[in-house]
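Data block below; observations after.
Here, each number is a calculation from the coordinates, and none is a lab measurement. Keep in mind the model is a prediction, meaning the values are calculated, not measured. FYI the Cβ positions are ideal-geometry reconstructions off the backbone, even for glycines, and counts take in every protein chain you see.
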Amino acid sequence: MENADIAKIFEDIADLLEIKNENPFRVRSYRNAALIISGLPESLRSIVERNEQELKNIPKVGKSIHEKIVEIIKTGKCKFHDELFKELPPGLLDLLEVSGIGPKKVQLLYDKLGIESVEELEKAAKEGRLRELPHMGEKTEEKILKAIQELKSHKGRFRISLAISYAEPLIEYLKKIPGVTEVEPAGSLRRWKDTIGDVDILVTCKKGASVMDKFVKYPEVKDVLSKGETKSTVILKCNLQVDVRALEGKSFGAALQYFTGSKAHNIAIRDRAKKMGLKVSEYGVFDEKTDKRLAGKTEEDVYKAVGLPFIPPELRENLGEIEAAEKGKLPKLIEIQDIKGDLHMHTTESDGGHTIEEMAAYAMQKGYEYIAITEHSKALGITHGLDEARVLKQIDRIDEINRRLKNFRILKGIEVDIKADGSLDLDADVLKQLDLVVAAVHSKFNMTAEEMTERIESAMSTGLVHIIAHPTARIIAVREPYPVDMPKLMQAAKKYGIIMELNSYPERLDLSDTYLRLAKDMGVMAAISTDSHNRQHMDFIRFGIHTARRGWLEKKDVLNTRPLKEVLRILKKEAQH
DNA sequence: GCCGTTTTCGGCCCGACTGTTTTCAGTCG
C-alpha cells in the first residue's frame, strides 16, 4: 500500500460520505487528509514502520485518520471503507466523474431510479426518464449525455508544456479583443504544476466589453459549457477545458490571487482573514463588519491586507508557505537568470541532433559560462552509446575545441548507465578522466523498491559518480516512477556527496517538486539540467526552474548557478569520496 | 473529522452559473 493507494481510500470515503449526505466538514477532513498524503515525500509505510507516533506531525491527520492509516498498513484493508461499499455500490463513484453530477444527484439517481453506473445513467437519460426527478428536466438530460460523451473522450490531465502550447495562442486572441486591458493565465498553469487539469485565464476589461461573446467564438472552441457575464467555460477541440473570468481592473490583484489558487492555499488564506475580521473574495479584501474595501488592485496588496508578504505562485499549495511567510522565512526562490550552465546534454555522437560546437554556440548565445557533454554509454546500444575508446576520443576532441573558446568551457562528461547489479557501464580509469560523471538507470525498472534503492546506492558508493540523472525515470502520464526509497536515497546522496538532477524535460520533471523539497530539507544539492537532444531543448530550462521553485529551491541549493571555477571545485571534491 | 494568539467546543471560504424553480438547490472552481 503506497501513499497514492491510501489517499485514494480516503478520497473514496469522502465521496461516499458525501453521497450519504454526511456532515460536509467530516467529508472535507477526509479530502484534506488525502491531499496531504498524496503530496508526502516519504511513504506512510516507512513512517509507521519506524515510529507510528510520527504520524502526529502530519497536518490534517488526527486521531481517526491516524488509526485508519495504521490499520491500512498493517492489514492492507480499511474496515470503514469496506462497510461503506457494502451500503453503496462502487459504480456510484464513477457517476461523480460525470461533469454536472455531484453527490446530491448521485443520491437521487440511486434512490429513485436505482442507477448505479455511468452506462445506466446514459440509458436513463436517452429514455427521458431523468425528467421525472425533481430539479431535472429535458435540458439536464441533454447536458448529462454530453458530459458522458466528454468523459469517454477524456484525456486526463495535460502536461504543462502541452497546456501552454494551447493556452498561448488563446491568450493572444483574447488580448486583441477591444476593451481588454490585461490577460493573465492563472490556476495551476501559473503555479507551474507538472500537469494541468484545466486552463484558467483572467481578463480585465472596460465595462461593456464583449469579452465573453468573443471568447466562446474562438475558432478552437468545441463546446461551450457555460457562459455568463464574468465567467465562462469552454472545451477546446484538443479536449482541454478553459475557464475565463472577466473583471474590472480594480479587482485584478484579488482575482489573480483567487484564480491562481491552489484551492487549499486560498481556503487557508480566507480562514486566516476571517480570524482577522476580514473577508477575502475575488473582488477584494473587505472589512467583515463595515464591508469597506481594503485591497484588491494588486496581489501584493491582498497579501499585505492579511498581514503577509507576497507569496510566489509556485509555493501556493498550503504546504507550509503561509507559516513561512508569517515568520518572514519564505525562501528566496531561484530564477532563470541564476543559471550559469547546463550539465546534461547529448550530441550527434550518441542520439542528439546537433554537434558539440553547435550545442556550445547555442549555450553561449544563452549567456552560459559552461556546458557538459554527457553522451549515453555503450549499454544503451539503441542510442549509439559510447564505449571506452570513443569516450577517450571525445575527451581529446573537446580539449581541442576548448582551446579555441574564450570565456566558455565545455566539460567532458558522460551519462553512464547504472546496470541492474549497480555497477557502472564504463571502466573506472576512463570515468576518472572525465570532469563530470552523470549516472542513470535506463533498464530493468521492475525491481522492488529495496532492490532499486540498493542498485543506485551501490553506484553512488563507487566514488566515481557526481550526479544521478532523472532519479525516478518517470515519464509524465506515460510511465510511473520506478519504486525507490527516496529518503534513503537522499541519505546516501548526502553521505557520498552526490548531486541529484532535476531533469527539465517537460515529460520528465524528475526530481518532482515534492522530492526536490525533500532534497533541500536533507541538505542534498540539485543540478537543474535539460538533457538536451538538440540545441533548442536547452530552453526547457524554464520548466526545470519553475519546478525547482515549486520545490522551494534557492540559488544556493543548485550546482549550476555557480560560476565555472566553483563547479569544478565542487566536482573535484565530490569525486574524492 | 480536524483544529486552537478569542477556543478542548464550535466553528469550518466564497461567489458564479445553470436549470429548475416562482425563490433556490446543486455543482463547480
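Assuming R0 = 35 Å, can you tell me the calculated FRET efficiency for the pair A:ASP82 and A:GLU120, based on Cβ-Cβ distance, to the nearest 0.05?
Efficiency at R0 = 35 Å is approximately 0.90.
For the stretch A:92-156, compute the orientation-averaged projected area of the C-alpha convex hull (one quarter of its surface), in nm².
The orientation-averaged projected area of the Cα hull of the stretch A:92-156 comes to 3.9 nm².
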Can you give me the distance in nm between label points at A:LYS289 and A:LYS556, each placed 7 Å from the Cα along the Cα-to-Cβ direction? 4.5 nm
Could you tell me, in Å, what Rg and Dmax come out for the Cα atoms of the stretch A:103-247? 17.8, 51
Could you order peptides A:62-74, A:358-370 by the average number of other Cβ atoms within 10 Å of their residues, highest first? A:358-370, A:62-74
Over the stretch A:243-373, what number does the Rg to Rh ratio reach, with both radii from the alpha-carbon atoms and Rh per Kirkwood? 1.23
So what's the back-of-envelope 222 nm ellipticity for chain A, counting only DSSP H runs of four-plus at -39500 (n - 2.57) apiece and dividing by all residues, rounded to 500? -12500 deg cm²/dmol
Based on Cβ point charges of +1 for Lys and Arg and -1 for Asp and Glu, what charge dipole magnitude is obtained for the stretch A:343-406 about its Cα centre, in debye rounded to the nearest 20? 160 debye
Could you work out the mean projected area of the convex hull around the alpha carbons of the stretch A:311-449, in square nanometres to one decimal? 12.1 nm²
Quick one: dipole size for the stretch A:158-247, taken about the Cα centre, charges +1 on Lys/Arg Cβ and -1 on Asp/Glu Cβ, in debye to the nearest 20. 140 debye
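For A:GLU97 and A:GLU480, FRET efficiency with R0 = 25 Å and r from the beta-carbon atoms, rounded to 0.05?
The value I calculate is 0.75.
What order do you get for A:THR347, A:THR453 when you list them from fewest to most C-beta neighbours inside 10 Å?
Ordered by Cβ neighbours within 10 Å, fewest first: A:THR453, A:THR347.
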In this structure, the FRET efficiency calculated for A:LYS176 and A:LYS304 from their beta-carbon separation, with R0 = 35 Å, to the nearest 0.05, is 0.55
Using the alpha carbons of the stretch A:3-154, what is the convex hull volume per residue in cubic angstrom, as a whole number? 115 Å³
The simple spin-label model distance between A:SER458 and A:LYS227, using points 7 Å out along Cα→Cβ, in nm, is 6.4 nm
Stokes-Einstein D in µm²/s, Kirkwood radius over Cα pairs - the stretch A:134-218 at 10 °C with 1.306 mPa s viscosity: 105 µm²/s
Any idea what the dipole of chain A comes to, in debye rounded to 20, about its Cα centre with Lys/Arg Cβ at +1 and Asp/Glu Cβ at -1? 1920 debye
Rounded to the nearest 5, the percent of antiparallel DSSP beta bridges in chain A equals 45 percent
If you split all Cα-Cα distances of chain A into 20 Å bins from zero, what percentages do you get per bin, shortest first? 18, 47, 31, 5, 0
To the nearest Å, what is the center-to-center distance of the stretch A:245-320 and the stretch A:68-84, using C-alpha atoms only? 39 Å
For A:VAL430, A:VAL211, which order do you get if you count the other beta carbons within 10 Å of each Cβ and list the fewest first? A:VAL430, A:VAL211
Provide Rg and Dmax in Å for the stretch A:317-373, with only Cα atoms included in the calculation. 18.2, 52
Could you tell me the ratio Rg/Rh of the stretch A:428-577? Both radii from Cα atoms, Rh via Kirkwood. 0.94
What order do you get for A:15-22, A:54-61 when each peptide is scored by the mean count of other beta carbon atoms within 10 Å, highest first? A:15-22, A:54-61
Putting +1 on Lys and Arg Cβ atoms and -1 on Asp and Glu Cβ atoms, find which of A:PRO219, A:SER165, A:ALA209 reaches farthest to the positive end of the dipole of the stretch A:158-247. A:ALA209
From largest to smallest, what semi-axes in whole angstrom does the stretch A:266-326 give when each is the square root of 5 times an eigenvalue of its alpha carbon gyration tensor? 19, 12, 9
Could you work out how far apart the two model spin labels at A:GLU22 and A:LYS217 are, taking each label as a point 7 Å from the Cα in the direction of the beta carbon, and quote it in nm? 5.0 nm
